[in-house]
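Below: one structure, written as structure tokens.
None of the figures in this text is laboratory data; all of them are computed from the coordinates on show. This is a predicted model, so every value here is computed, not measured. Don't worry about glycine lacking a Cβ; one is built from the backbone with ideal geometry, like all the others, and counts go over all protein chains shown.
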Amino acid sequence: MPRCSKCPKKAVVGLGYCGLDLCKDCFAEFFEKRVWKANKDFLMLRRGDKVAVGISGGKDSAAMLHVLNKMAKKIGQIQLFPILVDEGVHGYRPNSIKKAKELCKREGFGLDVVSFEREFGATLDAMVKKRGQGDDEFASGACSICGVFRKKALEARAKKLGATKLAVGHNADDSAQTFLMNLMRNDSARLVRVSPAHAEGGLGLVPRIKPLVYNLERECGLYCVVENLPFHLQECPYAKESFRGTVKDFLNLAEEKHPGVKFNVLQSSLLLQKTLAEISPRALREGGSKKCKICGSPSSSGVCKACEYAKRLQLE
Ligand code: SF4
Ligand code: ZN
Ligand code: ZN
């Protein structure tokens, strides 16, 4: 490894897409600066905020909690409340809960664990066994079921806590993947609503913030190592069967051959989201202009996805 591009120390990481080789300390500073930039660009943290922080035990949310904790102390009068959703995935979730508890203890927080079983009457494993064999979104991937219930569980707990923001550990890779997925699904309303700038807050939901939107997934892992944060490496066993998994493999391959591709997709998505929101503010509301007649959550039709899935899975 060559010398650090910013100081005389030995570099530990090469960031080919921006031509920088960085030592441990300069990398940590570089990583944190990007979170501060996201905070400035998308007006994320404000004095007086009560921030529910979605934690998974993995590298992204570990890096996020650590940086948010530093930022909260610096800005002042910000409270953080880590929440973990236990979907009930055998052989995977129990180990990640252990790591998440270790992390929260280290950062000086308790950990609020919300389980699918308690909230919805069944674990994700049980739901997956119950789903039908059709070829629609519901039957094809565990992640579509998981995502809908996880969002609902996080939102409900954040609301109960009186949170003013809900922080999720979506990194730059996740945002680029989501953008491509929405394009491939021809879902233009979601294209706008998932933007970190709009954060789905105008729909009666707790505004979501994505502090890691400018940090690559690989860099989140490296930051955890450099900062000595406990995190769980294992991947969820359902991840490979998802549409996201396919898009992720494609973007990783493209990035390997053409460094900078992920950031190019991300920048295009942010620009397009901003433009779409300006020319068509209605698109922001379309996904949630009505209320679910069962649970009262914002919904694009009379019944929200979570209530629709609960009915199809015959959950109590
Ligand atoms: Fe849920 Fe899919 Fe993530 Fe597993 S990979 S936790 S099933 S969204
Ligand atoms: Zn350095
Ligand atoms: Zn509902």
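Note on LYS257 and GLN234: with the Förster distance fixed at 35 Å, the Cβ-Cβ geometry gives a FRET efficiency of about 0.80. Proximity of backbone amide H atoms, modeled 1.01 Å from N, is registered between LYS291 and SER299 at under 5 Å, excluding neighbours fewer than 5 places apart on the same chain. Look at TYR17, TYR238, TYR223 and count the other Cβ atoms within 10 Å of each Cβ; fewest to most, that gives TYR17, TYR238, TYR223. Using the structure shown, list the pairs from LYS73/LYS165; LYS105/LYS240; LYS101/LYS290; LYS99/LYS210; LYS6/LYS40; LYS129/LYS305 with a Cα-Cα distance above 27 Å, or answer none. The answer is LYS105/LYS240; LYS101/LYS290.
Please give the peptides 4-12, 143-151, 75-83 ranked by average Cβ packing (other Cβ atoms within 10 Å per residue), highest first, as a rough proxy for protection. Spell out each step's value before the answer.
On the way: 4-12: 14.9, 143-151: 20.1, 75-83: 17.1.
With the highest mean Cβ count within 10 Å placed first, the list reads 143-151, 75-83, 4-12.
Roughly what % of Cα-Cα distances in the chain sit above 37 Å, to the whole percent?
Details: 6597 of 49770 pairs.
In whole percent, the share of Cα-Cα pairs in the chain beyond 37 Å is 13.
Checking the a/c ratio against 1.5 first, then a/b against b/c, what shape does the Cα gyration tensor give for the stretch 68-129? Prolate shape, in that a/c is at least 1.5 and a/b is the bigger ratio. When a/c reaches 1.5 or more, the comparison of a/b and b/c decides; with that in mind, is the stretch 1-92 rounded, prolate or oblate per its Cα gyration tensor? Because a/c hits 1.5 or more and a/b fails to exceed b/c, the stretch 1-92 counts as oblate.
With a cut-off of 8 Å between alpha carbons and a minimum separation of six or more residues, what is the relative contact order of the chain in percent? Please report the intermediate quantities before stating the final value.
Details: 514 pairs, mean separation 62.5, N = 316.
Computed over the chain, the figure is 20 percent.
Computed log10 I(q)/I(0) for the stretch 1-154 at 0.13, 0.17, 0.18, 0.19 Å⁻¹: -0.79, -1.04, -1.08, -1.13, from the Debye equation with unit scatterers placed on every C-alpha and solvent omitted.
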